[in-house]
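Working notes, beginning with the structure itself.
The values are calculated or read from the model by the stated rules, or taken from the named source; none is laboratory data. All figures in this text were calculated on a predicted structure; none of them were measured in a lab. Don't worry about glycine lacking a Cβ; one is built from the backbone with ideal geometry, like all the others, and counts go over all protein chains shown. Each accessible area value is taken on the protein alone, full model and side chains, heavy atoms only, with ligands, DNA and RNA left out. Shrake-Rupley method; radii C 1.70, N 1.55, O 1.52, S 1.80 Å.
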Amino acid sequence: MSKIENSAGIDLVHGKFKKRDAGYFYVRNGKQFYRDREETYQKDQSPRQKWNSAAFAYANRELARLRATPELEAQLRSEYEAANHLASNGKTYSTLWSWKFNSLLYDYKQSHPFDSSLYS
């Protein structure tokens, strides 16, 4: 912790100025302080959250790969129209990419069933 002197005429500043700032400002007993804080809340995930995160990462990776190739996009569009916008999880999606993303999530979760011992 360090005391911050404000020369801009602002008396008390709370929180972050920018989203990517390493720390945040706070006030205690009328004095301004700045604190660096490592945000570890994402590291403390339950096994089920880790499983969902792995499925999400897989779907994003695959979707980026599919978007990079125009031939695959044309093939996906025809599959999307043939499926009547219905994904493998039983839901209907309004866009091709949301349909494919949710299909990839569903496929990953079906091929990698949740086992808490694998994600602990």
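Please work out which option in (1) 1.69; (2) 1.06; (3) 2.46 gives Cα Rg over 2.2 N^0.38 Å calculated from these coordinates, and answer with its label.
Given (1) 1.69; (2) 1.06; (3) 2.46, the calculated one carries the label (1).
Tell me, in nm to one decimal, what length is gained between residue 71 and residue 111 on full extension, where the rule is 0.36 nm per residue of separation less the Cα-Cα distance?
11.8 nm
Relative to the longest principal Cα axis of the chain, at what angle does helix 96-111 sit, 0 to 90 degrees, rounded to 10?
90
Search the structure for amide H atoms under 5 Å from the amide H of residue 45, placed 1.01 Å from N in the peptide plane, and list their residues when 5 or more places away or on another chain.
none
Which one, 66, 12, 86, has the greatest fluctuation when you compute a Gaussian network model over the chain with C-alpha springs under 10 angstrom?
12
What FRET efficiency comes out for the pair residue 50/residue 96, r = Cβ-Cβ distance, R0 = 35 Å, nearest 0.05?
Once rounded, the FRET efficiency stands at 0.75.
Taking only C-alpha pairs under 8 Å that are 6+ residues apart, what is the relative contact order of the chain in percent?
The value is 21 percent.
Can you pull the percent of the chain's accessible area that's carbon plus sulfur, 1.4 Å probe, other chains left in place?
50
Order 95-107, 21-33 from most to least packed using the mean count of other Cβ atoms within 10 Å.
95-107, 21-33
May I ask you to give the solvent-accessible area per residue for the chain, in square angstrom, as obtained with a 1.4 angstrom probe?
Here the residues of the chain average 73 Å² of exposed surface.
Taking the Cα atoms only, what angle lies between the long axis of helix 70-82 and the longest principal axis of the chain, rounded to 10 degrees?
Result, in degrees: 70.
Viscosity 0.890 mPa s, temperature 25 °C: what is the translational diffusion coefficient of region 66-120 from Stokes-Einstein with a Kirkwood Rh over Cα pairs, rounded to a whole number of µm²/s?
199
Among 26, 56, 82, whose Cα sits farthest toward the positive end of the charge dipole of the chain (+1 at Cβ of Lys/Arg, -1 at Cβ of Asp/Glu, about the Cα centre)?
It is 26.
Taking H placed 1.01 Å from N in the peptide plane, check which residues at least 5 places from residue 32 or on another chain put their amide H under 5 Å from its amide H.
Correct list: 4.
What is the dipole size for the chain, taken about its Cα centre, with +1 at each Lys and Arg Cβ and -1 at each Asp and Glu Cβ, in debye to the nearest 20?
Dipole of the chain, to the nearest 20 debye: 460 debye.
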